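The values are calculated or read from the model by the stated rules, or taken from the named source; none is laboratory data. Not measured: the values here are computed from a predicted model. So basically every Cβ, Gly included, is an ideal-geometry build from the backbone, and we count neighbours across all protein chains shown.
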Amino acid sequence: MELPKLLVSVSGGEADEEVIRLACTLAKKRKAKVYVVHVIEVQRSLPLDAEMEPEIESGEKVLAHAQTIADTLDCEVETDLLQAREAGPAVVDEAVERGVELIIMGMEYKKRFGEFDLGSVVPYVLRNAPCRVLVWREAIEQEGA
C-alpha cells in the first residue's frame, strides 16, 4: 500500500514555520510523505526557464529553512523549487502529479483596500485542487501591540 502524501506550499512568510510543523505532525501520525514546494513566479516577458538568480537563491533559502524546521521535528521532507507563470496552478499541478491527499498552505493576514484579502493563490488552489486543502492564516496583528 502506498503511503499518504502531503504537499506544503511555502512562500517565505511568517506562516511557513507553522505549516511545516503542522505537516510534520500530521505526517508522523499517518506515516505520510511530505513534499515542500516553493514557487517562483516568472513574468510573461521572460522564458519560463529563465535563470532568475536572486529569486532562485531566495527560494532555496526558504526551502532550506523548511528543511531545518522538519529536521528539528525528526520529519523527512522532500523539497522542490518550481518556476511557473502563476503559483496557484503550479501548486495544483504539483499536487495532481504527486497524487497528494492534502495541500497545506500558510498565509499572512493582509488587508487590501481596508478589507481582508486572500490574494490570488489561495482561492485558486481552493477552487481547483482535486484533494483536501488546509489553509493556515496568521493571527491578526493588533495595531500598537
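Before moving on, here are some points about what is shown:
- Against the numbered list (1) without any contact (Cβ under 8 Å) to a residue 12 or more places away in the chain; (2) within 14 Å of the chain's Cα centre (by Cα), Lys29 comes up short only at (2).
- Identity of the residue in the stretch 103-129, outside any strand (DSSP E or B) and among the aromatic types (Phe, Trp, Tyr), that ends up surrounded by the fewest Cβ atoms within 10 Å (Cβ to Cβ): Phe113
- Residue, modelled with the lowest pLDDT, within the stretch 130-145, restricted to residues that are loosely packed, with under 14 Cβ neighbours inside 10 Å and at negative phi: Ala145
- Scope the stretch 1-30; condition surrounded by fewer than 21 Cβ atoms within 10 Å (Cβ to Cβ), of a type in the set (Gly, Ala, Ser) and either at positive phi or assigned to a helix (DSSP H, G or I) (or both); matching residues: Gly12
- Against the test of being surrounded by fewer than 20 Cβ atoms within 10 Å (Cβ to Cβ) and touching a Leu at 6+ places or on another chain (Cβ under 6 Å), the options Lys33, Lys61 yield a single qualifying residue, Lys33.
- The stretch 85-120, residues that are hydrophobic (A, V, I, L, M, F, W, C) and farther than 16 Å from Cys131 by Cβ: Ala87, Met107, Phe113, Phe116, Leu118
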